[in-house]
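This report concerns only the one structure given below.
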Amino acid sequence: MKPHPVFAFLYDRLARAAEPWEGQFREELCGPAAGMVLEIGAGTAANLRHYRFAARLVAAEPEPNMRRRARARLSEARVPVALVAAEAERLPFADRTFDTVVFSLTLCSVQDLRRAISECARVLCPGGSLRFYEHVRSDRAGIARWQDRMEGPWGFFAGGCHPNRDTPGALAAHGFEVRLRRFQPPVPGGSLMPHVIGEARLPAPHALDASPGRSQP
Ligand SMILES: C[S@@+](CC[C@H](N)C(=O)[O-])C[C@H]1O[C@@H](n2cnc3c(N)ncnc32)[C@H](O)[C@@H]1O
């Protein structure tokens with residue numbers, strides 16, 4: 001991944017400034033994350049202090065400047081944590097390694113959304129939980145069109161972010177059962193950048209096997 005020192009600096013500032021309203025969502029996202037936890041695209045580690053129950057947290061971040069800033073915050077962690085260089089599309093972990101995978105404002109930025117979701121499904125244990133906090137494509141047609149027009153310039157200034165992704169739709173298309181809440185962030189222009197917070201799980205294999213018309217092995 002190409003280094004983005006200026007974006008890492010600005011993003012860190014913005015994330016710290018947003019903490020008064022965003023902290024509650026980071027808490028809701030990470031607070032319940034339990035067992036072996038993988039956060040993908042951990043950025044400058046804005047979520048770190050919100051993890052309470054993880055037996056072990058692996059924070060994966062491919063961008064070196066983000067990672068350097070994250071490393072400086074590792075002492076804030078209340079759980080054992082390892083910071084690693086890794087991309088969502090190529091996770092260096094064995095199948096079924098994690099109980100929980102966390103995405104926080106990251107699925108908007110990955111290069112290949114489908115591959116990132118597929119890798120996440122691979123490393124999750126059966127019954128594991130994918131927890132997400134993301135900004136997504138608006139369900140209002142006019143705003144979605146505006147997001148489509150903004151995709152190029154926005155991505156240029158915002159580290160390759162795509163403001164118009166239907167991330168919940170992509171999770172559902174992969175077979176995840178998705179539960180989420182939509183909200184507008186309480187900032188100027190918040191309606192242009194709708195957010196979702198929620199959880200997704202893959203149905204248990206035996207539930208699939210028992211479905212009508214499905215042949216047994
Ligand atoms: C908007 S920042 C969010 C950072 C952090 N998760 C947070 O909530 O503050 C997006 C992050 O995704 C990372 N990212 C971009 N492409 C990625 C990829 N293919 N795999 C993993 N992380 C990626 C970026 O380096 C950046 O740290």
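The values are calculated or read from the model by the stated rules, or taken from the named source; none is laboratory data. Everything numeric in this text was worked out from a predicted model, so none of it was measured. Glycine also receives a Cβ, built like all others from the backbone with ideal geometry; neighbour counts cover every protein chain displayed. Note: areas computed on protein heavy atoms with side chains; ligands, DNA, RNA excluded. Shrake-Rupley method; radii C 1.70, N 1.55, O 1.52, S 1.80 Å.
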Hits in the range 23-52 - residues which are more than 10 Å from the ligand (Cβ to nearest atom) and on the phi > 0 side of the Ramachandran plot:
GLY35
The listed residue being within 12 Å of the ligand (Cβ to nearest atom), within 17 Å of ALA42 (Cβ to Cβ) and open to solvent by 20 Å² or more (accessible area, probe 1.4 Å), out of GLU119, GLU89, GLU134
GLU119
For the range 54-76, name all the residues that are near the ligand (Cβ under 10 Å from one of its atoms) and part of a loop (DSSP other than H, G, I, E, B).
GLU61, PRO62, GLU63
For the list (1) buried (at least 17 other Cβ atoms within 10 Å of the Cβ); (2) out of contact with any Ser or Thr (no Cβ under 7 Å at 6 or more places or on another chain), I need the number of the one condition that MET150 fails.
(1)
Out of ILE143, ILE197, sole residue that is open to solvent by less than 70 Å² (accessible area, probe 1.4 Å), at pLDDT 95 or above and over 18 Å from the mean Cα position of the chain (by Cα):
ILE143
In the range 1-11, which residue that is part of a helix (DSSP H, G or I) and within 9 Å of the ligand (Cβ to nearest atom) is least open to solvent (accessible area, probe 1.4 Å)?
ALA8
Pick out the one residue from VAL101, VAL79 that is assigned to a loop (DSSP other than H, G, I, E, B) and either away from the ligand (no atom under 12 Å from the Cβ) or touching an Asp or Glu at 6+ places or on another chain (Cβ under 9 Å) (or both).
VAL79
